[in-house]
Amino acid sequence: MDKQQQILITMQDYANIHKVPIISREGGRLLQEVTAAAKPVSILEIGTAIGYSTLLLTAAMAPNGKITTIEQDGARLEIASNFLAQAGKLEQVTMIAGDAGEVLPALTGSFDLVFIDAAKGQYLDYLHKVMDKLLPGAVIIADNVLFRGWVLDDSNAPRRFRTIIKRLKAYLDFVTKDKRFKTVVHHTGDGMAVSHYQGRANI
Ligand SMILES: C[S@@+](CC[C@H](N)C(=O)[O-])C[C@H]1O[C@@H](n2cnc3c(N)ncnc32)[C@H](O)[C@@H]1O
């Protein structure tokens, strides 16, 4: 087992013990497959947690790739920074502490892959805020879009999740109907939407 694999296992254990939500194994594999196929050089991740998916992304992106990652929980960001330093990946990652809804409009640069994995009720807002920063051909990956299956059938969903479910449906509706995107919704893990941005010409 190589060093990075060992660090990923330590991160999984940490997440289990401290109840930090991280991407599922299946979801992580799909994230890496899609990333490896896209070979992005400029990734934006929304929702770092302890840097688990960040590390998966570093392993699959182009060798000269860079990641900007946003997390509102400063303690988690600190832990992410330690893990990424152990893996020797810190130089490829820029970490931004703050609420993504506020950070995104001020963000400069363009991205060829965006991984959305923060507040589930805000996915569509995040997407609208990164639209002008997407390079043609960019890939947008959104995790948890089926949210325990309730996005497809909410008859047994607890009332407190109704708003999140409604907003995740609105996200899927947008990326499946807007002509600028070609989207496939994978039932892997908690559901993952992979959208290819066709560029502004297709409006
Ligand atoms: C599901 S976890 C991210 C897991 C991580 N992507 C992984 O798979 O390893 C979601 C993270 O988003 C953060 N978050 C939630 N709302 C946010 C917001 N508005 N702005 C920035 N981060 C947020 C949470 O603190 C949490 O750490």
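Before moving on, here are some points about what is shown:
- Residue pairs meeting the criteria (Cβ under 8 Å; at least 6 apart or on separate chains; first closer than 12 Å to Leu55 by Cβ and at pLDDT below 95, in segment 3-32; second within 10 Å of the ligand (Cβ to nearest atom) and not small (Gly, Ala, Ser)): Gln4/Leu55
- Test: Thr54 is more than 8 Å from the ligand (Cβ to nearest atom) and either hydroxyl-bearing (Ser, Thr, Tyr) or open to solvent by less than 20 Å² (accessible area, probe 1.4 Å) (or both): no
- Number of positions in segment 92-132 that are in contact with a Leu (Cβ under 9 Å, 6 or more places away or on another chain), open to solvent by 50 Å² or more (accessible area, probe 1.4 Å), closer than 17 Å to Thr48 by Cα and in a helix (DSSP H, G or I): 1
- Among the residues of segment 148-159, the one identified as farther than 13 Å from Lys120 by Cα, open to solvent by 90 Å² or more (accessible area, probe 1.4 Å) and in a helix (DSSP H, G or I) is Arg159.
- Scanning segment 57-69 for residues that are open to solvent by less than 40 Å² (accessible area, probe 1.4 Å) and either touching a Ser or Thr at 6+ places or on another chain (Cβ under 8 Å) or in contact (Cβ under 8 Å) with a residue 40 or more places away in the chain (or both) yields Leu57, Ala60, Met61, Gly65, Ile67, Thr68, Thr69.
- Note on segment 70-91: among residues that are farther than 15 Å from Ile23 by Cα and open to solvent by less than 10 Å² (accessible area, probe 1.4 Å), the one that is farthest from the ligand (Cβ to nearest atom) is Leu84.
Every residue, every condition in (1) small (Gly, Ala, Ser); (2) in a helix (DSSP H, G or I), yes or no:
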position: Ala15; (1), (2): yes, yes
position: Ile22; (1), (2): no, no
position: Gly27; (1), (2): yes, yes
position: Leu30; (1), (2): no, yes
position: Leu44; (1), (2): no, no
position: Leu55; (1), (2): no, yes
position: Asn64; (1), (2): no, no
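- Hits in segment 36-48 (condition: open to solvent by less than 10 Å² (accessible area, probe 1.4 Å) and either over 24 Å from Ser110 (Cβ atoms) or away from the ligand (no atom under 13 Å from the Cβ) (or both)): Pro40
The values are calculated or read from the model by the stated rules, or taken from the named source; none is laboratory data. Quick caveat: nothing in here was measured; it's all calculated off a predicted structure. All Cβ positions, glycine included, derive from the backbone under ideal geometry; neighbour counts span all protein chains shown. Note: accessible area is taken over every heavy atom of the protein model, side chains too, but ligands, DNA and RNA are not part of it. Shrake-Rupley method; radii C 1.70, N 1.55, O 1.52, S 1.80 Å.
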